[in-house]
1. Want the number for TYR227 to ARG19: 0.36 nm per residue separation, take away the alpha-carbon distance, what's left?
2. What is the calculated FRET efficiency for HIS403 to VAL188, with r their C-beta to C-beta distance and R₀ = 56 Å, to the nearest 0.05?
3. Using the count of nearby Cβ atoms within 10 Å as a rough guide to exposure, how do LEU84, LEU276 rank from fewest to most?
4. Please report the net charge: other residues with Cβ closer than 14 Å to the Cβ of THR102, K and R +1, D and E -1.
5. What's the lysine pair count for the chain at a Cα cut-off below 25 Å, pairs eight or more apart or interchain?
6. Over all distinct Cα pairs, what is the inverse of the mean 1/r for the chain, reported as the Kirkwood hydrodynamic radius in Å?
7. By Kyte-Doolittle mean hydropathy of at least 0.0 and Cα axial length of at least 24 Å, which whole DSSP H helices of the chain are selected?
8. Share of Cα-Cα pairs in region 261-328 beyond 18 Å, in percent?
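What follows draws every value from the coordinates through simple rules; no lab data is involved. Being a predicted model, the structure only gives us computed values, none of them experimental. Every residue, glycine as well, gets a Cβ built from its backbone with ideal geometry; the counts of neighbours run over all protein chains shown.
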Amino acid sequence: MVFEMGSIGIALRVHRDGRIVIFTRGVRAFVDGITYVVLPAFLLHLGFSGVEVGAVVTASLLGSAALTLTVGVWAHRFSPTRLLVLSSLLMIVTGVAFGLSTPFVVFLVVAAIGTMNPSAGDVSVFLPLEQALLSSAVSDSERTAVFAVYNLVGSLVGALGALSAGIPLWLAVRVGRTAEFGDRASFVLYGLAGFVLLLAYSQLSPQHRHTATKSERALGESKRIVYKLAALFSLDSFGGGFATQAIFALWVYRRFEMSSSTLGAVFFATGLLSALSSLLAVRISKKIGLVRTMVFTHIPASLLLVGVVLMPNVWLAMTLFILRGLLSQMDVPVRTSYVMAVVTPAERAAAASITNVPRSLASALPPIAAGWMLDQSNFAWPFLFCAAFKITYDLLLLWQFRHVRPPEER
């Protein structure tokens, strides 16, 4: 399969398994886009406080971290297909449970053990497995480009999901049902998407139905690099935890009383720009390298977030937030490509897991603090914390890894 991106200049061949992974990323992104818009509004409709909304977000992030760590430790001993099938079954259970529950403790438990993603980024157990499979589908010279396409699909389809967030509510009203019924239908749709993933993963090549490696250890010679990257990524995600999409939605609902449909349109515009930025990141990285691309696009995005906080009205704030979308996710395909490049092929699944676990753990606690801050004031203090931590991460990454280059840059 050849992807042609016109003036962006991306052309690559992707193995059939790679196409399946890109498809499943799109399916997950669409339902994630719906749920991270609906989730805070749904919980607020049920009478939960900002702290309780933050607690559910935190539980989902902690649960994702635990599952991802398990994958990192054991993935080299099990077939990728089996692990992906089990993850799909868990996704089905998560959606149905959210759609049928009411007590706060149930939401908390299901969020902790399920696959619900409260962020526009992908922080699920599926991620390390898909990244390892996708890396094996292309050559080193095409690795960054295929992750750009993977991220493009995630951002673009996720944006469409966010734009569609108001449809279940609209349909519920049309048939005489309550807004709560429409929100619950969104979560059931999330569960149904798990069946689609189940079918897609069953079509992976036979080679992925066997043990990935016979190595006794998940990480070998690349352990030091992976742990150092994991520590830096955790700092980045700790900052990001103060400004997840769900927390941003909570601030917008409280500060400006914007409807979920309108906010979904804002997230759609942001996601569209994020999708396009993935392709631009490929060309930039070929000019200045992977590490510099991560840093020199990430810092301006953090400064734009500070601008959102300081804007006097909703439309100026949303304009800057949308513009931030052009830069905020540009580092994602580049970062993934870099991690896959600096480890051996046998270590890729473990490296993807171990660098993602700290991201999930570090971003898990800030939403509670962010929810508390927003309970005390409508001023967006959490976003200032987010920007400060992210800029610190960027400077440390540039300092420590500017001379560690992937094969295509040597």
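1. 71.9 nm
2. The calculated FRET efficiency here is 0.65.
3. The most exposed by this proxy come first: LEU276, LEU84.
4. -2
5. 6
6. One decimal place: 21.0 Å for the Kirkwood radius.
7. 16-45, 50-74, 80-100, 140-163, 179-201, 223-240, 260-288, 290-310, 381-401
8. 42 percent
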